[in-house]
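Accompanying notes for the structure given below.
No value in this document is a laboratory result; all are computed from the given coordinates. Note that the coordinates shown come from a computational prediction; the quantities given were computed from them, not determined experimentally. Every residue, glycine as well, gets a Cβ built from its backbone with ideal geometry; the counts of neighbours run over all protein chains shown.
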Amino acid sequence: MKPLRIALTKGRLEKSTVELLEKIGYNCDEIKNKGRRLILSVGGGAFEVVLAKAADVITYVEHGVCDLGVVGKDTILENGTSFYELLDLGFGKCRFALAAKKGQDFYAGYNTKTIATKYPNVTRAFFDDKNMDVRIIKIEGSVELAPLVGLSDGIVDIVETGSTLKANGLEVIEWVTGISARLIANTASLKLRKKEIEDLQKKLEAVTQ
Ligand code: PRP
């Protein structure tokens with residue numbers, strides 16, 4: 001049978017995922033020395049790993065071309081869940097926050113607020129919960145810039161250490177929700193390759209608790 005194929009989020013979560021796979025005994029030299037290659041063999045052929053951007057990890061898993069994925073809860077919350085979320089891997093911990101310029105009374109006044117974010121669905125859900133109508137502007141990166149140049153009243157973004165907010169004179173108005181890396185599985189793979197997936201899940205559970 002073909003090895004299980006796992007989609008890993010490249011960048012921020014990559015190093016911690018490799019550390020975790022090594023901890024449970026899988027050789028990850030191909031990932032560490034990947035160069036520009038995108039499909040890699042792990043654990044001497046035990047798994048095939050593909051590296052992708054976070055939202056694409058979900059796409060590959062949903063379409064069943066990857067059996068498993070490692071992706072942040074932020075991307076899951078933004079992109080929906082037509083897959084199984086198997087395990088909280090305990091790394092990549094950060095939080096979603098609503099932030100604005102320091103000292104600004106964000107909720108003051110009756111005008112509709114404008115929020116810049118990379119996460120429009122998360123932002124919409126957060127303000128819907130408050131029954132508050134906002135205008136959302138989608139930004140692709142460095143969202144903290146938007147209120148500084150007057151594009152928005154606030155932002156909904158990821159805060160890890162808080163240093164980006166601090167360095168730019170912004171502050172947290174409200175915490176939205178906690179985030180961490182998750183192991184996800186394609187729904188069909190979970191039925192067809194139950195034993196292999198459960199074995200890996202158990203090994204990961206043992207080192208993430
Ligand atoms: C993320 C996030 C914040 C920053 C938070 O951005 O969007 O900008 O990290 O981290 P901190 O609280 O530790 O300062 P990322 O580095 O992924 O870049 P991007 O905004 O360009 O996507």
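Below 17 Å, Cα to Cα, which lysines can residue 10 reach? Residues fewer than 8 away in the same chain don't count. Candidates past the 8-residue exclusion: 32, 34, 53, 73, 93. When you filter the chymotrypsin sites (Phe, Trp or Tyr not before Pro) in segment 110-209 for DSSP loop state and at most 16 other Cβ atoms inside 10 Å of their Cβ, you are left with 110.
Among bridges DSSP assigns within the chain, what percent are antiparallel (round to 5)?
On the way: 26 of 43 bridges.
Antiparallel bridges: around 60 percent, rounded to the nearest 5.
Just to check, using Stokes-Einstein with a Kirkwood Rh over alpha carbon pairs, what's the diffusion coefficient of segment 19-69 at 37 °C and 0.692 mPa s in µm²/s? The calculation lands on 283 µm²/s. Among 109, 90, 141, the residue with the largest mean-square fluctuation in a Gaussian network model of the chain, with springs joining Cα atoms closer than 10 Å, is 109.
Taking every DSSP helix (H) stretch of at least 4 residues in the chain, weighting each as -39,500 (n - 2.57) and dividing the sum by the residue count yields a mean residue ellipticity at 222 nm of -9000 deg cm²/dmol.
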